[in-house]
Amino acid sequence: MRKRGTFGSSLGTIMVVGGSVIGLGNIWRFPYVAGENGGAAFILIYLAINFLISVPLMFSEFSIGRAAKSNAMRSFRRLSPVKSWQGVGYLGIATSFVILSFYSVIAGWALEFLRESIAGTFMQLDPAGIKAHFDDFVASGWGPIGWVIAFVALNGIVVSFGIEKGIERFNKTAMPMMLVILVIMCINSFFLSGFREGATFLLRPDFSKVTPAMIMQALGQSFFSLSVGMGAMITYGSYIKKDDNMFRIGGTVAISDVTVAILSGLAIFPAVFSYGISPTSGPELVFLTLPNIFAQMPGGQIFAILFFLLLFAAAITSSVSLMEVAVAYVSEEFRLRRRIATLIITLCVMGTATLCALSQMPGSSLTVAGQNLFDLFDNVSSTYMMPLGGLLIVIFAGWVMRRDLFLRELTSNGRFGHRLSRPVYFMIRYAIPIAIAMLFLSKLGWLQF
Ligand code: PFF
């Protein structure tokens, strides 16, 4: 068996896990999903789900991965004699493919907008012009596809260098850069005319908007944003050193994740209200709102470049973790060199992501049940695949994995979080599976609240 990598340092581990967690989910997806679901009430529910369900789920994934020291599929096989549990690993690998396919399309948009910011293209356009420009680009076919392929290839390059020399080294450079850019962007948004209205939309709750369907959306968004429910944190968990503190890693990244999502909302909604764009305008929201600010502000071009660089960096530090799920599986199960495994996965993702990009062209026949492939992948992964994966993972951690082994991993052999471990274990065994199962059944229409 080839030697497995580990993350080099504690700080490096936080950067890598933080890199996976903070991504397009915070900057691109959170604002439009919150916008479509009524803003602040959604955010409160989202926050509760993050800390009560998703963070304990993250601990479960870390513990499974670190105990088994293996890829997402084999981890289940190592920890249970019942073979069918490895199906949860396969579900995770499939989910990572589905997410990576539409994620790369958005990352490709970010690259195109980065190029256009450098060229100054949208600097002279009004809101209607910006919308028309965006629609033309998406409909053009070859433009989005070229960027998708470039983005997936970049991912492949980072992943092929391995855990410490590739993924960790890359994250350690990209994460501090992202932080600086985000702070600059938020300070700037504070001075916009629509800041008050935008901030109110985001921060004043209206509980009449709360429905089971909305809670399910919040659950999906929370899993997506914290990269849980599909084996990425099992895979990364398998690279965490035995004496590293999981509570610290999980707590730090969860707080950073929420902070970045809210800051992104505060950067985007003031612009929505300042330029008369609908807060529910879907996946294009970020790409339609922010260019308007950039076009009108002094020094806007520099901010545009910085922002799209941020979006690209956020995307790639997350997508490498998605790719790693499949690469670890292929290289370990088929005993292939990392470079070969990465090449195979890169080519496969280039294919599926290209289909997603093509499905957005007007008149495309790549639709299922009236949804194009891109929207379908976005919805199916966070509404069905991740909640189902998350449910099965907590059941595995709470009921199938040996209790002493789980608690030993969770506390790093009794070193950290001894007192927290028992309530967390209780939640993992009882409260969380019941909560996810009820939401899931209500989504399927089998349970009415
Ligand atoms: N958490 C990432 C984001 O917020 O953009 C998306 C993601 C990455 C989801 C890795 C799942 C995953 F395994």
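The values are calculated or read from the model by the stated rules, or taken from the named source; none is laboratory data. All of these numbers come straight from a predicted model, not from anything done at the bench. Don't worry about glycine lacking a Cβ; one is built from the backbone with ideal geometry, like all the others, and counts go over all protein chains shown.
Observations on the model:
- Selection status of GLU333, away from the ligand (no atom under 16 Å from the Cβ) and charged (D, E, K, R): yes
- In the range 131-146, of all residues being in contact with a Phe, Trp or Tyr (Cβ under 9 Å, 6 or more places away or on another chain) and in contact (Cβ under 8 Å) with a residue 40 or more places away in the chain, the one that is farthest from PRO270 (Cα to Cα) corresponds to PRO144.
- Residue list for the range 247-270, restricted to those being among the small types (Gly, Ala, Ser), surrounded by 24 or more Cβ atoms within 10 Å (Cβ to Cβ) and more than 15 Å from the ligand (Cβ to nearest atom): ALA267
Here's the yes/no breakdown for (1) farther than 29 Å from LEU290 by Cα; (2) under 18 Å from the mean Cα position of the chain (by Cα):
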position	(1), (2)
ALA304	no, no
THR317	no, yes
ARG335	yes, no
ILE344	yes, no
LEU358	no, no
SER364	no, no
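- VAL228 being within 11 Å of the ligand (Cβ to nearest atom), assigned to a helix (DSSP H, G or I) and more than 24 Å from PHE137 (Cα to Cα): no
- The range 231-241, subset aliphatic (A, V, I, L, M) and in a helix (DSSP H, G or I), residue farthest from the ligand (Cβ to nearest atom): ILE234
This table checks each residue for (1) touching a residue at least 60 places away in the same chain (Cβ under 8 Å); (2) surrounded by fewer than 24 Cβ atoms within 10 Å (Cβ to Cβ); (3) under 30 Å from LEU407 (Cα atoms).
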residue	(1), (2), (3)
SER160	yes, yes, no
ILE163	yes, yes, yes
PHE170	yes, yes, no
LEU203	yes, yes, no
PHE207	yes, yes, no
GLN221	yes, no, yes
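- Hits in the range 74-97 (condition: touching an Asp or Glu at 6+ places or on another chain (Cβ under 9 Å) and surrounded by fewer than 24 Cβ atoms within 10 Å (Cβ to Cβ)): ARG74
- Given (1) surrounded by fewer than 23 Cβ atoms within 10 Å (Cβ to Cβ); (2) part of a helix (DSSP H, G or I); (3) out of contact with any Leu (no Cβ under 8 Å at 6 or more places or on another chain), number of the condition ASP244 does not satisfy: (2)
- Number of the condition not met by LEU100 [criteria: (1) of a type outside the set (D, E, K, R); (2) within 16 Å of the ligand (Cβ to nearest atom); (3) surrounded by fewer than 14 Cβ atoms within 10 Å (Cβ to Cβ)]: (3)
- Count of residues meeting criterion [of a type in the set (Lys, Arg) and buried (at least 18 other Cβ atoms within 10 Å of the Cβ)] in the range 175-201: 0
- Residue within the range 206-224 that is more than 16 Å from the ligand (Cβ to nearest atom), closer than 30 Å to TYR384 by Cβ, among the aliphatic types (A, V, I, L, M) and in a loop (DSSP other than H, G, I, E, B) present: yes
- Every residue from the range 262-297 that is part of a helix (DSSP H, G or I), modelled with pLDDT under 85 and β-branched (Val, Ile, Thr): ILE268, VAL272, THR289, ILE293
- The helices (runs of 4 or more DSSP H) found wholly in the range 1-80 and carrying at least 1 residues that are touching a residue at least 60 places away in the same chain (Cβ under 8 Å) and more than 16 Å from GLN217 (Cα to Cα) occupy 10-21, 55-68, 72-79.
- Evaluation of LEU391 against the conditions (1) within 22 Å of MET233 (Cα to Cα); (2) of a type outside the set (Asp, Glu); (3) not in a helix (DSSP H, G or I) shows that the sole unmet condition is (3).
- Checked against the criterion of being among the aromatic types (Phe, Trp, Tyr) and within 17 Å of ILE234 (Cβ to Cβ), the candidates PHE76, PHE102, PHE42 yield just one match: PHE76.
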